Amino acid sequence: MFADLHLHTQFSDGTYSPGELVDQASRHELVAIALTDHDTVEGCAPTAQACDAAGIEFISGTELTAEQDGHEIHILGYCIDTGDPKLLAEISKFQLVRQNRVREMVARLNRLNVPLEAEAVFALANCRSPGRPHVARALVSARLCANLDEAFERFLKKNRPAWVPKFKMSAADAIELIHGAGGVAVMAHPGLNRSDEVIPSMAAAGLDGLECFHTKHSSSTAERYLQLADRFHLLVTGGSDCHGTSKGQPVIGTVKLPYQHVEKLKARAVSNRAQAQLPSAKKPAKTGVLHQADPQP
Ligand SMILES: [Zn+2]
Ligand SMILES: [Zn+2]
C-alpha cells in the first residue's frame, strides 16, 4: 500500500484538475494522496470529493514558502483544518503578495520591451496562487518565448532581469501557522535546498517531519534524510511533487511512500491537536478567554 503526499493541481501551478489528478492516482494504485498546492487549500474540497468517489484516502495539505537563516524553505502542512480562519487569513495575504509579484515581474518584462500583460498571466493562471510558472507559460503562449526553459533562462530565473524576490515568512511562523490549524509541518524536498544546517533549528521550532523521498532525491539523498529524520526524531514523508504535464511526463507514481508513514503522520496530527488544546504558556491571553467562556475548572 503506497501513498503520494506531494501533489499540485490547477489551484496553484499544476496542470491537472482535481479529477485528473485522482485519475492518475488510481492508475498508479495509490491508496492515499495529499494535495499540497502553494499557498492555498482551495483544491482540497474538490480533490477530497474525487478521492471519495475513487476509494482513495485524502489528506488535506498546502505548501508554504518560508525562510530560515537566509535559505528558502518549503514547508508542507498536512491534515490541516482547511476552514481554520487564521490559516485562511494568512493564506489570502500570501496570495495577494503572489499577485503583486506577478505584476512586478510583468512590469520588469515590459521595461525590457517584452509586451506581456499581467491580465494575460492571471487569465492563464485562473487561480489565486499565481507564480513564476504561470508567467513563463504566458510568455510561451503569447509567443514571446519559444518554450518554458527559454522563459526561465532569459527572464525569470533568480537574478535574471525579470526575476522578483519572493516574500517569505519565517520557518517558525509557518510551523506555528500549520500547528494552529491542527496540522503537521514537514520540510519539503530538503535535498533541493542544500541547507541541512537549518534542520536542527527547525526541529527545535517544532518541525514534525522531513520529506525524505522526492522525485529529485537520489537514493543516497533519501538515505541521508532518513538518517537525519532518525537523529532529530522527525517523521518521514515522501511525494512526487507532481505538477501535471507541464514539464514532460507527469512524475506522479514515481515516488511511492509506504502507507505506514501515512499512519504515523495522522497519529502526529491527533497528538498535535490534543497538545494545541492544552493551555499554552506562550499564549496566556487565549487561555484567559477559554477560562472566561468556560467557568468549569
Ligand atoms: Zn516546493
Ligand atoms: Zn511542491
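The values are calculated or read from the model by the stated rules, or taken from the named source; none is laboratory data. In this text the structure is predicted, and so the values were computed from the model without any measurement. Cβ coordinates were reconstructed from backbone atoms using ideal geometry, including for glycine residues, and neighbour counts include every protein chain displayed. Accessible surface is based on the protein model in full, side chains and every heavy atom, while ligands, DNA and RNA are left aside. Shrake-Rupley method; radii C 1.70, N 1.55, O 1.52, S 1.80 Å.
For residue 95, state whether it is farther than 23 Å from residue 264 by Cα, more than 16 Å from ligand 1 (Cβ to nearest atom), open to solvent by 50 Å² or more (accessible area, probe 1.4 Å) and not in a loop (DSSP other than H, G, I, E, B).
Spelling it out, it is not the case that residue 95 is farther than 23 Å from residue 264 by Cα, more than 16 Å from ligand 1 (Cβ to nearest atom), open to solvent by 50 Å² or more (accessible area, probe 1.4 Å) and not in a loop (DSSP other than H, G, I, E, B).
Only a single item in (1) among the β-branched types (Val, Ile, Thr); (2) open to solvent by less than 10 Å² (accessible area, probe 1.4 Å); (3) away from ligand 2 (no atom under 13 Å from the Cβ) is not met by residue 15, and it is number (2). In summary, residue 174 fulfils each of the numbered conditions (1) out of contact with any strand residue (DSSP E or B) (no Cβ under 8 Å at 6 or more places or on another chain); (2) closer than 27 Å to residue 217 by Cα; (3) in a helix (DSSP H, G or I); (4) of a type outside the set (Asp, Glu) with the single exception of condition (1). Since residue 177 meets every condition but one in (1) more than 16 Å from ligand 2 (Cβ to nearest atom); (2) surrounded by 18 or more Cβ atoms within 10 Å (Cβ to Cβ); (3) on the phi > 0 side of the Ramachandran plot, which condition does it not meet? Going through the list (1) more than 16 Å from ligand 2 (Cβ to nearest atom); (2) surrounded by 18 or more Cβ atoms within 10 Å (Cβ to Cβ); (3) on the phi > 0 side of the Ramachandran plot, residue 177 breaks only (3).
In a residue-by-residue description of the range 57-77, the property of being within 16 Å of ligand 2 (Cβ to nearest atom), assigned to a helix (DSSP H, G or I) and open to solvent by 10 Å² or more (accessible area, probe 1.4 Å) applies to no position. One residue alone among 130, 165, 115 is open to solvent by 70 Å² or more (accessible area, probe 1.4 Å), modelled with pLDDT under 95 and not in a helix (DSSP H, G or I), and that residue is 165.
Could you check, for the range 61-68, whether at least one of its residues is in contact with a Phe, Trp or Tyr (Cβ under 6 Å, 6 or more places away or on another chain), among the hydrophobic types (A, V, I, L, M, F, W, C) and within 19 Å of residue 238 (Cα to Cα)? Within the range 61-68, none of the residues are in contact with a Phe, Trp or Tyr (Cβ under 6 Å, 6 or more places away or on another chain), among the hydrophobic types (A, V, I, L, M, F, W, C) and within 19 Å of residue 238 (Cα to Cα).
Take the residues in the range 215-249 that are away from ligand 2 (no atom under 16 Å from the Cβ) and either in contact with a Ser or Thr (Cβ under 8 Å, 6 or more places away or on another chain) or among the aliphatic types (A, V, I, L, M) (or both); name whichever of them is nearest to residue 18 (Cα to Cα). Among those residues, the one meeting the criterion is 236. Using the structure shown, decide if residue 107 is farther than 30 Å from residue 209 by Cβ, surrounded by fewer than 19 Cβ atoms within 10 Å (Cβ to Cβ) and more than 17 Å from the chain's Cα centre (by Cα). Answer is yes for this residue.
For the range 215-249, which residues satisfy the criterion of being open to solvent by 10 Å² or more (accessible area, probe 1.4 Å) and part of a strand (DSSP E or B)? Answer for the range 215-249, where residues must be open to solvent by 10 Å² or more (accessible area, probe 1.4 Å) and part of a strand (DSSP E or B): 235, 236.
If I go through the range 150-198 residue by residue, how many of them are among the hydrophobic types (A, V, I, L, M, F, W, C) and over 28 Å from residue 82 (Cβ atoms)?
Residues meeting the conditions: 7.
Here residue 107 does not qualify as part of a strand (DSSP E or B) and within 16 Å of residue 165 (Cα to Cα).
Each residue in the range 225-257 was checked for being on the phi > 0 side of the Ramachandran plot, at pLDDT 95 or above and more than 15 Å from ligand 1 (Cβ to nearest atom), and 1 of them qualify.
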